[in-house]
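**Q** Following this message is one structure expressed as structure tokens.
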Amino acid sequence: MRHVAIIGSGPAGYYTAEAAQKQWGDDVRVDIFDMLPVPYGLIRTGVAPDHQSIKGVSRRYETTAQLDNVRFVGNVMIGEDVTVAELQGLYDAVVLATGAPNDRPAGIPGEGLGNVFGSAAFVGWYNGHPQFAKLNPDLSGKHAVVIGNGNVALDVARILTKTAGEFTGSDIVGHALHALAKSHVEQVTILGRRGPHQIAMTPKELGELGHLERACPRVDPADLPEEGEDLFLEPGQRKSVTHLRSFAAIPEAFRADKPVEIAFDFFASPKAILGEGQVSGVEVERTALDSNGRASGTGETYVVPASLVITCIGYKSSPIPGVPFEESAGRFANAEGRILPGLYCVGWARRGPSGTIGTNRPDGFSVVERIAEDIGAGTGKHGRAGFDKLAEERKLDVVTFRDWKKIEEAEAARARDGAPREKFVDVAEMIRARGE
Ligand code: NAP
């Protein structure tokens, strides 16, 4: 028998469990730990609430979760309730599927000012992550600045500008829906330190900005390279740039009906966040691309007004004492997912915050191959029986998958009209919803 502990119940965790099941069938026991009483990680608290079709992938994880030899072990904080070293003593393989939950700092003055948030915090707020549910961003000002040219920047800009009606069918949490409905934001500036050809935004997500009820995107035609140069782009990127070209061509008459603007400011590198106590603006330096395609400052600076700033410039994993970590890349030091025999990492904890949800599937299968090489038929450890004993000794209040299904039911029962659920945003509330 092989005993595998997976830490983190997001996509990387569940794909690894699926791969372990495919590899060993009945000859493996998999325990999937999560610090929250609810599963699915980024699917629940990262994917935008108005992207329900993407969230639907959790149904696939549910199939894995309900296998007899796969267990969800929720409400257990690894590092506090039980250490990684203890799990290594109990399981043949411990897999870190902990994602990259921390904002990468921009490293510029003023990041600590009021109403400046990283995307992990801001996205966590509108998605009801218990850690960020009380963020309470101040939306009473007119100008929001979103830093970064990736899909998270698009999510944030879109969520900031949608009307309450446009959230119908989404699972945006009530506190965010109410705050956004009262928002005064009428200008969102998306700062990109490089140009239109260097964006990390995918076509579908970019195209959505062209169909918003009260907001309209703006691109300065002067920022766009010669159209012929698009031919050298990879097809997906070409499609994205075509969206930018169509935004640049939107007639002023069309904008008259759109009180909110989402302006792309390219070749604009943030140098400092300005303000006293609260943010009032972002100092930006105009850039040009150097011969390696990197942003190089031109010395020309200007200030973009800002009452709210959200940095969407990537994430990093949380280091674990004693586990080798690559600080610059923000992920665990590993070779093809192996940190050392018996200890592995997958998903963003392995490669850093890149790729789509589906990218984690091959990652999960590949790490199971490494595990198979290392543990053979198992190393005689106690596995879940050993953990259960420890949990009892420490009086841990473990939340099972069956408990989660009750929480899920309660969330569905209290959903507003048309919404799939109203999430609990507080751990104690989640635990109460599980009932006796
Ligand atoms: P990302 O795709 O890596 O984009 C980060 C952006 O931040 C880049 O434009 C980068 O510019 C910029 N940046 C980094 N450091 C900066 C700095 N110091 N100053 C200014 N700009 C800076 O990261 P992400 O948007 O957080 O997304 C993470 C992953 O999740 C991506 O793979 C993304 O596609 C995925 N995701 C997908 C969806 C979806 O499919 N719907 C939604 C959300 C997220 P440079 O290029 O110049 O470095």
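The values are calculated or read from the model by the stated rules, or taken from the named source; none is laboratory data. All values derive from a computational prediction rather than experimental measurement. Using ideal geometry, Cβ is built from the backbone for each residue, glycine included, and neighbour counts are taken over all protein chains shown. The accessibility values were calculated without ligands, DNA or RNA, using every heavy atom of the protein model including side chains. Shrake-Rupley method; radii C 1.70, N 1.55, O 1.52, S 1.80 Å.
**Q** Just to be sure, is Pro109 under 24 Å from Gly352 (Cβ atoms), within 16 Å of the ligand (Cβ to nearest atom) and either without any contact (Cβ under 8 Å) to a residue 12 or more places away in the chain or open to solvent by 30 Å² or more (accessible area, probe 1.4 Å) (or both)?
**A** The answer is no for Pro109.
**Q** Among the residues of the range 275-308, count how many are among the hydrophobic types (A, V, I, L, M, F, W, C) and either within 12 Å of the ligand (Cβ to nearest atom) or at pLDDT below 95 (or both).
**A** Total satisfying the criteria: 4.
**Q** How many of the residues in the range 114-135 are open to solvent by 20 Å² or more (accessible area, probe 1.4 Å) and within 14 Å of Gly174 (Cβ to Cβ)?
**A** The total comes to 1.
**Q** Tell me whether the range 390-399 contains one or more residues that are in contact with a Phe, Trp or Tyr (Cβ under 9 Å, 6 or more places away or on another chain) and in a helix (DSSP H, G or I).
**A** Scanning the range 390-399 turns up no residue that is in contact with a Phe, Trp or Tyr (Cβ under 9 Å, 6 or more places away or on another chain) and in a helix (DSSP H, G or I).
**Q** Please tell me if Asn102 is open to solvent by 30 Å² or more (accessible area, probe 1.4 Å), farther than 20 Å from Val367 by Cα and under 13 Å from the mean Cα position of the chain (by Cα).
**A** The answer is yes for Asn102.
**Q** Right, next: Identify, from the list Leu139, Leu135, Leu160, the residue that is modelled with pLDDT of 95 or more, part of a helix (DSSP H, G or I) and either touching a strand residue (DSSP E or B) at 6+ places or on another chain (Cβ under 9 Å) or away from the ligand (no atom under 14 Å from the Cβ) (or both).
**A** Answer to the selection: Leu160.
To keep it simple, each residue is scored yes or no on (1) over 25 Å from the mean Cα position of the chain (by Cα); (2) open to solvent by less than 30 Å² (accessible area, probe 1.4 Å); (3) under 28 Å from Gln52 (Cβ atoms); (4) not hydroxyl-bearing (Ser, Thr, Tyr).
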position	(1), (2), (3), (4)
Thr163	no, yes, yes, no
Phe167	no, yes, yes, yes
Gln198	no, no, no, yes
Met201	no, yes, yes, yes
Leu209	no, yes, yes, yes
Ala215	no, yes, yes, yes
Val241	no, yes, yes, yes
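**Q** Could you count how many residues in the range 268-307 are open to solvent by 60 Å² or more (accessible area, probe 1.4 Å) and not in a strand (DSSP E or B)?
**A** Residues that pass the stated criteria total 3.
**Q** Could you check, for the range 58-73, whether at least one of its residues is at pLDDT 95 or above, more than 26 Å from Gly124 (Cα to Cα), among the hydrophobic types (A, V, I, L, M, F, W, C) and touching a Ser or Thr at 6+ places or on another chain (Cβ under 7 Å)?
**A** For the range 58-73, residues at pLDDT 95 or above, more than 26 Å from Gly124 (Cα to Cα), among the hydrophobic types (A, V, I, L, M, F, W, C) and touching a Ser or Thr at 6+ places or on another chain (Cβ under 7 Å): present.
**Q** Let me ask you something else. Among the residues of the range 68-87, is there at least one that is without any contact (Cβ under 8 Å) to a residue 40 or more places away in the chain and surrounded by 20 or more Cβ atoms within 10 Å (Cβ to Cβ)?
**A** Within the range 68-87, none of the residues are without any contact (Cβ under 8 Å) to a residue 40 or more places away in the chain and surrounded by 20 or more Cβ atoms within 10 Å (Cβ to Cβ).
**Q** Could you check Gly10 against (1) within 18 Å of Glu408 (Cα to Cα); (2) at pLDDT below 95 and say which number it fails?
**A** For Gly10, the failing item is (2).
**Q** Taking the range 84-108 on its own, how many of its residues are part of a loop (DSSP other than H, G, I, E, B) and closer than 19 Å to Ala372 by Cβ?
**A** Residues meeting the conditions: 3.
**Q** Of all residues in the range 197-212, which are more than 13 Å from Ala295 (Cβ to Cβ) and more than 7 Å from the ligand (Cβ to nearest atom)?
**A** Of everything in the range 197-212, those that are more than 13 Å from Ala295 (Cβ to Cβ) and more than 7 Å from the ligand (Cβ to nearest atom) turn out to be Met201, Pro203, Lys204, Leu206, Gly207, Glu208, Leu209, Gly210, His211, Leu212.
**Q** For the range 254-267, give me each residue that is modelled with pLDDT under 95 and open to solvent by 80 Å² or more (accessible area, probe 1.4 Å).
**A** Those that are modelled with pLDDT under 95 and open to solvent by 80 Å² or more (accessible area, probe 1.4 Å): Phe254, Ala256, Asp257.
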